[in-house]
Amino acid sequence: MKSGNKKTTKCSRCKKTGVIELSYSKEFLCVNCFAEFFEKRIRKTVRINRLLRGDDKTAVALSGGKDSAVVLYMLHRLTKNDPRSYLRAISIDQGMGKFQKGSLAAAKKLCKTLGVEHNLYSFRKEYGFSMDEVVRRTQKEEGSAPPCSFCGVLRRKLINQKARELGATKVATGHNMDDEIQAGLMNYVRGDLSRTARMGAIVGTGLSTMFVPRIKPLRNSPENEVLAYARIKELPFESSRCPYSAEAFRGTVRKAIDEMDRNHPGTKFQMLKSTDQLIKILREMEAPAEMTTCRVCGDPASGDVCKCCDMLEKIEYRT
Ligand code: SF4
Ligand code: ZN
Ligand code: ZN
């Protein structure tokens, strides 16, 4: 931050007081110019990636955090004047103590403010257990996968299933630029480029009618800018971290990328560009895996049983 220097705290565009520095473009923007710039970039992400059609029925996966709050707010702005549009929010109560109460309360408040229908489902009701219970149980087992591996798969499946039941044609998620490039670098380091081939602004298209395609309107927006925008618009969101979020490897990757970007502004944008080039090459090289049907739940799977049912069986919760 170039604070203390009067000249540099003026907005580069309108000369009002600057509040946020965009180090990659050497600009300092005021609240209004930043909001306009941020919204324009999201509209561009939606337009050039063809994330939405006019008649899409979109369900926003609303966790109650800043990212999905901004997605819901922006999609509401983009679609509210189109009579064909349809926007709903889906929240999942994973059963994670106090943190979950705060995030669901924020999600509910935002939906109420915007007048968007809020659909709430829970792990307990759908799977018969909460994440707190999964963690209590799996932590006893040596070498068990981290909580996020369970939570991510179970949550994704439930959102897809409920979106399908609601008749949604797209699910919008809050993945931002930092999430995307962290995932890309993690795949690279792990030697798992088949996962990178499945990344992008829109995923899950053309695989199976059972998959509702997922779109990521914030994919070109750095996380700190999403946070700044959520605060400027005074959106309700839960700011504390999930108690189970300590995924050690992602933390290391995040720190490394943040440091590179601090020392070399613009690194994050370059990394996203490289990730996109890689996705294109990988998709051209490899045909998508054949999908079969899970013998337990009937959802699409890449083997005999889908990842979720396999996980449920492994943790012996399926009755
Ligand atoms: Fe689930 Fe991990 Fe996200 Fe927490 S941080 S909500 S455990 S995926
Ligand atoms: Zn300005
Ligand atoms: Zn299954």
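Put simply, when 155-162, 295-302 are sorted by average Cβ atoms within 10 angstrom per residue, most first, you get 155-162, 295-302.
Electrostatic bookkeeping for ALA89 treats Lys and Arg as +1 and Asp and Glu as -1; over the other residues with beta carbon under 12 Å from its beta carbon, the sum is +4. Model label sites at GLU39 and GLU126, defined 7 Å from Cα along the beta-carbon direction, differ in position by 3.3 nm. To the nearest 0.05, how large is the calculated FRET efficiency for ARG77 and SER274 if R₀ is 25 Å and r is the Cβ-Cβ distance? Step by step, r from the Cβ atoms, then E = 0.20.
Compared with the dominant Cα axis of the chain, that is its longest principal axis, helix 267-285 is turned about 40°.
Summarising the strand pairing of the chain, around 35 percent of its internal DSSP beta bridges are antiparallel. Just checking the listed ones, ASN49, ASN119, ASN176: in the Gaussian network model of the chain with Cα springs under 10 Å, the one fluctuating most is ASN49.
Past the 32 Å Cα-Cα mark, which pairs from LYS15/LYS98; LYS112/LYS268; LYS15/LYS57; LYS66/LYS162? Over 32 Å Cα-Cα: LYS15/LYS98; LYS112/LYS268; LYS15/LYS57. Computed from backbone phi with θ = phi - 60° and the Karplus coefficients 6.51, -1.76 and 1.60, the 3J(HN,Hα) list for segment 196-201 is 4, 4, 9, 8, x, 6 Hz; x is used for glycine and proline.
Got a sec? Charge dipole of segment 162-289, +1 on Cβ for Lys and Arg, -1 for Asp and Glu; which of SER194, VAL171, MET271 is way out at the positive end? Comparing the listed Cα positions along the dipole, VAL171 ranks first.
What the chain shows is 55 Å² of accessible area per residue, with the surface traced by a 1.4 Å probe over protein heavy atoms. Placing +1 on each Lys and Arg Cβ and -1 on each Asp and Glu Cβ, with no other charges, gives the chain a dipole about its Cα centre of roughly 1360 debye.
Stokes-Einstein diffusion for the chain at 20 °C, viscosity 1.002 mPa s, with a Kirkwood radius from C-alpha pairs, works out to 102 µm²/s. Each Lys and Arg contributes +1 and each Asp and Glu -1, all at the Cβ; summed about the Cα centre of segment 88-221, the dipole is approximately 360 debye.
Here segment 4-80 is assigned +1 on the Cβ of each Lys and Arg and -1 on the Cβ of each Asp and Glu. Its dipole about the Cα centre then comes out at about 360 debye. Taking the 1.4 Å solvent-accessible surface of the chain as the whole, the part contributed by carbon and sulfur is 50%. Here the label points at GLU286 and THR113, each 7 Å from Cα along the C-beta direction, are separated by 4.1 nm in the simple model.
Among ALA163, ALA35, ALA287, which one shows the biggest mean-square fluctuation in a GNM of the chain, springs joining Cα atoms closer than 10 Å? Among ALA163, ALA35, ALA287, the largest mean-square fluctuation in the Gaussian network model of the chain belongs to ALA287. Residues whose amide H comes within less than 5 Å of that of THR293, counting only those at least five positions distant or on another chain, are ALA301 (H built at 1.01 Å from N in the peptide plane).
Among VAL70, VAL203, VAL253, the residue with the largest mean-square fluctuation in a Gaussian network model of the chain, with springs joining Cα atoms closer than 10 Å, is VAL253.
The values are calculated or read from the model by the stated rules, or taken from the named source; none is laboratory data. Given the structure is predicted, the values throughout are model-derived calculations rather than measurements. Cβ atoms come from the backbone with ideal geometry, glycine included; neighbour counts cover every protein chain shown. To get the accessible areas, we keep the full protein, side chains included, count just its heavy atoms, and leave off ligands, DNA and RNA. Shrake-Rupley method; radii C 1.70, N 1.55, O 1.52, S 1.80 Å.
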